[in-house]
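Engineer: Shown below is the structure under consideration.
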Amino acid sequence: MPTVTDAFGDEVLARTETYLDQVRAATAHLPDAVDAYGTDRDAFEAAVDRLSTQESECDATLRELRTLVGESLPPNYTDVYLRADDVMRLYDCVDAVPNHAESFVRELAAMRPDLPERVHEALAEMASLATEATVVLTDVTEAYVESLLAAGEPVRVVDSVDTLATMEGDCDAHKYDALTAAFGACSTADALVVRELLLALDDAVDAIEDAGDHLLSMSSTTL
């Protein structure tokens, strides 16, 4: 007969996989939105709507995870249960990623600035990096949570976290390149709008790095 621990572990892992799939799906719409911006209004708006819908699904699943990990099951001996606060903080860190991604596309849709070609290219590069980094983050998060539910040592996360730091640095380089281009080609008022958009997208990548740092901190701490 399955134990409480077995049932708890299976349910946590299943919900975690669903949640991380939704996070990946949300940020996957970022490049679509940026690519369509200024050339295909219908495609752009559709990408914004899809990302927003996916972000709402992330929120709904995260609420289920909070209830599951924090409230619904009796005590058990998995590391997820014993480290529930850390695990929920990890989920919250990950949740900042689709939140910032949605904020960026909604701000882009609301402001609708004319983007110099170099700025548009930089935003496209940053959007692609955000999507790729999200895959790295969610893959290692899923593997780590699964290892907390099984006997043995947690998986190594340092290589993935190092990769995320490199990608965040690449994103910063595109951001500053675009800022230079914007202030060189646009009026100050228009360049400031572009700056806000670049910072909004950069926030998503910063959130990915922050989640990786939290994961690294968790993995270096034993009970």
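The values are calculated or read from the model by the stated rules, or taken from the named source; none is laboratory data. Since this is a predicted model, take the numbers as computed values, not measurements. Using ideal geometry, Cβ is built from the backbone for each residue, glycine included, and neighbour counts are taken over all protein chains shown. Areas reflect the complete protein model, heavy atoms only, side chains present, ligands, DNA and RNA absent. Shrake-Rupley method; radii C 1.70, N 1.55, O 1.52, S 1.80 Å.
Engineer: So which residues in segment 113-144 are farther than 21 Å from Glu55 by Cβ, open to solvent by less than 50 Å² (accessible area, probe 1.4 Å) and touching a residue at least 40 places away in the same chain (Cβ under 8 Å)?
Structural biologist: The answer is Pro113, Leu115, Pro116, Val119, His120, Ala122, Val140, Tyr144.
Engineer: Separate question: Looking at Thr180, Thr163, which one is open to solvent by 40 Å² or more (accessible area, probe 1.4 Å) and free of Cβ contacts under 8 Å to residues at least 24 places away in the same chain? Don't jump to the end; show me each part of the working.
Structural biologist: Numbers: Thr163 fails: free of Cβ contacts under 8 Å to residues at least 24 places away in the same chain.
Within the list Thr180, Thr163, the selection yields Thr180.
Engineer: Being crowded, with 18+ Cβ neighbours inside 10 Å, over 21 Å from Glu17 (Cβ atoms) and at pLDDT 95 or above narrows it down to one residue among Ala47, Ala36, Ala43, Ala101; which is it? Step through it out loud before you land on a result.
Structural biologist: Numbers: Ala36 fails: crowded, with 18+ Cβ neighbours inside 10 Å; Ala43 fails: crowded, with 18+ Cβ neighbours inside 10 Å; Ala101 fails: over 21 Å from Glu17 (Cβ atoms).
When all the criteria are applied, what remains is Ala47.
Engineer: Report yes if some residue within segment 181-192 is part of a helix (DSSP H, G or I), within 21 Å of Cys58 (Cβ to Cβ) and not charged (D, E, K, R); otherwise report no.
Structural biologist: No, every residue in segment 181-192 fails to be part of a helix (DSSP H, G or I), within 21 Å of Cys58 (Cβ to Cβ) and not charged (D, E, K, R).
Engineer: Here's another thing I want to ask about it. Condition first: within 27 Å of Asp40 (Cβ to Cβ), assigned to a helix (DSSP H, G or I) and at pLDDT 95 or above. Can you find one or more residues in segment 146-166 that meet it?
Structural biologist: First, pick out the residues of segment 146-166 that are within 27 Å of Asp40 (Cβ to Cβ): none.
Within segment 146-166, not a single residue is within 27 Å of Asp40 (Cβ to Cβ), assigned to a helix (DSSP H, G or I) and at pLDDT 95 or above.
Engineer: With open to solvent by 70 Å² or more (accessible area, probe 1.4 Å), within 18 Å of Ala96 (Cα to Cα) and part of a helix (DSSP H, G or I) as the only criterion, which of Asp203, Asp210 stands out?
Structural biologist: Only one candidate passes the filter, namely Asp210.
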